[in-house]
Amino acid sequence: MGIWQKEITRLLLLLLATAIFGALTGVFLPILLLLMVGIIVRQVIQINQFEKWISTGGRGKYPKATGIWEEIYYHIYRIKKDEKRRKKKLGKMIDQFRQSTEALPDAAIVLGIDDEIDWANKAARDVFGLQQSDKGQRIPNLIRFPEFIGYLKSGDYKESVILPSPIDNRITLEVRIIPYGAGLRLLLAQDVTQLKKMERMRKDFVANVSHELRTPLTVLKGYLETLQDLDDENSPLLTNSFQQMLGQTERMQHLVDDLLLLARLETQQKKTKCVNVPELLSQICKEGDTLENASRRIELTLETPVHIRGEEQELRSAFTNLLSNALKYSPENSLVKVRWYQDNVSIILAIEDQGEGITKAELPRITERFYRIETKRLKKVNGTGLGLAIVKHVLMRHDAHLNITSELGKGSCFSCRFPICRICM
C-alpha cells in the first residue's frame with residue numbers, strides 16, 4: 001500500500017472513530033471541530049519545520065517526521081544527493097576541459113556578447129600578453145591592431161586575419177573567430193611564423209630566379225632569331241630545330257614574365273586610381289579581335305558605365321588572361337560574350353565561352369599555379385598554367401572574387417565580382 005493510501009486510510013479511520021464517539025456522547029460537532037483544529041496545527045508545525053530546513057539549502061539530516069512528511073523529506077534528500085553527485089561529476093569534467101585547453105599549443109579566448117574576455121588559455125596569455133585580471137576586459141582595448149578590430153566588427157568570420165603578436169612583432173599569428181551559442185565567439189590564434197617565413201623564402205626564390213633567367217633567355221632568343229635569319233632552309237632538320245628552340249624559348253620567357261608578375265602582385269603595395277573599365281574592356285576586346293582566327297568572335301556588352309578604384313595594369317592583365325583563355329579553349333567559329341554589369345551587391349565582369357567546359361572535380365583546382373587540364377584536343381594549346389593564378393591574385397588585391405560555372409561540352413562562364421564600395425566617379 002502506498003504512502004498516500006495509508007495517510008488517507010488513517011484519516012478516514014480517525015473520522016470514523018470521531019463519528020462513533022460523537023454519536024454515543026451526542027457531541028459530534030465539537031469533537032469533529034477539535035479534530036480538524038488538531039490536524040491543521042500539526043500540518044502548520046510540519047510546514048514550519050520544512051521551511052526552516054529548506055531555507056538552509058536542505059543541508060544535513062532532514063527533521064524527524066511521520067507519514068507523508070517523512071516521505072517528502074526523503075525524496076528531497078535523495079534529489080539533493082543526486083544533484084550533489086552530478087555537480088561533482090560536472091566539476092571533474094570542467095577541470096579536465098580546462099586542463100586540456102590549457103595544454104593546447106594554439107591560443108584560445110572565449111568572447112562574450114560585448115567582446116569581453118570570458119576565458120583564455122595559457123597560450124593566449126603568452127602570445128597576446130594577457131593577464132588573469134584581464135577577464136571581463138573588452139578584447140579591442142587589449143589587441144589594438146586596426147585589421148583585427150575591423151575583422152572583429154565585420155561579423156564575417158569565413159576567413160582568418162594575419163597579425164603580429166602584441167608582445168613580440170617577430171611572431172606572426174593567424175587569428176580566426178568561430179561564433180557559437182547565443183552571441184558567444186571563440187577566438188583561435190595559431191603561430192604561423194615559420195610558415196610565413198618559408199612562404200617569403202619561396203616568393204623571394206621564385207622572384208630572384210625568374211629575374212636572373214630573363215637575361216640569358218633574351219640572349220638565347222636573340223641568337224636563335226639570328227641563326228634562323230641565316231638559315232638558307234637547305235636543311236629541313238636544322239630549320240625545324242631552330243623553330244622548336246625559338247618556340248620553347250618564347251614559352252620560357254612567357255613563364256618567367258608570369259612568375260615575375262605574380263611575385264610583384266604578392267609583394268608590391270597597391271597604387272589605386274579610378275579605372276575606366278568600359279574603356280579598358282573595349283581596348284582589350286579590340287586587341288582580342290586582332291588575334292589570329294579571333295575576328296568578330298567577341299561580343300562586348302556594357303550595361304553600366306561605372307568605373308572602379310584599382311590598379312589599371314593589374315586589371316588589364318587579369319581581364320586579358322580571362323579573354324585569352326575563352327578564345328583559346330573554345331572553337332574558332334564560336335562566340336565569346338563579355339558583359340560588364342551591376343546588381344544590388346556587386347559590379348560584375350562575366351566572360352562566357354562555348355568551349356569544352358570543365359569538370360566539377362577540376363573546378364576547385366584550376367586557379368592553382370601550373371595546374372592545367374589534360375584533355376585530348378585536336379590542336380595543342382600553349383600556356384604557362386599561371387594565367388588564372390594571376391587573375392585570382394589580382395582580384396584578391398581588389399577585394400573581389402572569381403566565380404566559375406561550367407558544363408562539359410557546353411562552355412564556361414568566369415565572373416569577376418567587385419564590391420560596390422569600389423565604385424568611383
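Each row is one residue, and each column tells you yes or no for (1) modelled with pLDDT under 75; (2) open to solvent by less than 60 Å² (accessible area, probe 1.4 Å); (3) of a type in the set (D, E, K, R); (4) in a helix (DSSP H, G or I).
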| residue | (1), (2), (3), (4) |
| --- | --- |
| Arg176 | no, no, yes, no |
| Pro216 | no, no, no, yes |
| Leu238 | yes, no, no, yes |
| Leu260 | yes, yes, no, yes |
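The number of residues in segment 346-363 being open to solvent by 50 Å² or more (accessible area, probe 1.4 Å), part of a loop (DSSP other than H, G, I, E, B) and modelled with pLDDT of 85 or more comes to 1.
Within segment 124-158, the only residue that satisfies the criterion of being among the aliphatic types (A, V, I, L, M), without any contact (Cβ under 8 Å) to a residue 24 or more places away in the chain and assigned to a helix (DSSP H, G or I) is Ile149. Looking across segment 103-121 at every residue that is farther than 21 Å from Gly155 by Cα and exposed (fewer than 14 other Cβ atoms within 10 Å of the Cβ), the one that is modelled with the highest pLDDT is identified as Pro105. Taken together, Phe128, Phe145 contain a single residue that is within 23 Å of the chain's Cα centre (by Cα), of a type in the set (A, V, I, L, M, F, W, C) and over 27 Å from Phe97 (Cβ atoms), which is Phe145.
Restricting Asp95, Asp114 to those that are at negative phi and either touching a residue at least 24 places away in the same chain (Cβ under 8 Å) or in a loop (DSSP other than H, G, I, E, B) (or both) reduces the list to Asp114. Scanning segment 262-279 for residues that are at pLDDT 75 or above, surrounded by fewer than 18 Cβ atoms within 10 Å (Cβ to Cβ) and either under 27 Å from Arg369 (Cα atoms) or hydroxyl-bearing (Ser, Thr, Tyr) (or both) yields a single hit, Thr272. Among residues of segment 385-403 that are in contact (Cβ under 8 Å) with a residue 60 or more places away in the chain, those with a beta-carbon under 7 Å from a residue that is of a type in the set (Phe, Trp, Tyr) and crowded, with 22+ Cβ neighbours inside 10 Å at least six positions away or on a different chain give the pairs His398/Phe418.
Only one residue in Ser317, Ser282, Ser324 is over 19 Å from Ala389 (Cα atoms), hydroxyl-bearing (Ser, Thr, Tyr) and open to solvent by 10 Å² or more (accessible area, probe 1.4 Å), so which one is that? Of Ser317, Ser282, Ser324, the one residue that is over 19 Å from Ala389 (Cα atoms), hydroxyl-bearing (Ser, Thr, Tyr) and open to solvent by 10 Å² or more (accessible area, probe 1.4 Å) is Ser282. Given the criteria farther than 30 Å from Thr249 by Cβ and either modelled with pLDDT under 85 or open to solvent by less than 80 Å² (accessible area, probe 1.4 Å) (or both), does Lys158 qualify? Answer is yes for this residue.
The values are calculated or read from the model by the stated rules, or taken from the named source; none is laboratory data. From a predicted model like this one, the values you see are computed outputs, not experimental measurements. Cβ sites come from the backbone with ideal geometry, for glycine too, and all protein chains shown count toward neighbours. For the accessible areas, the whole protein counts, side chains as well, though only heavy atoms, and no ligand, DNA or RNA atoms are used. Shrake-Rupley method; radii C 1.70, N 1.55, O 1.52, S 1.80 Å.
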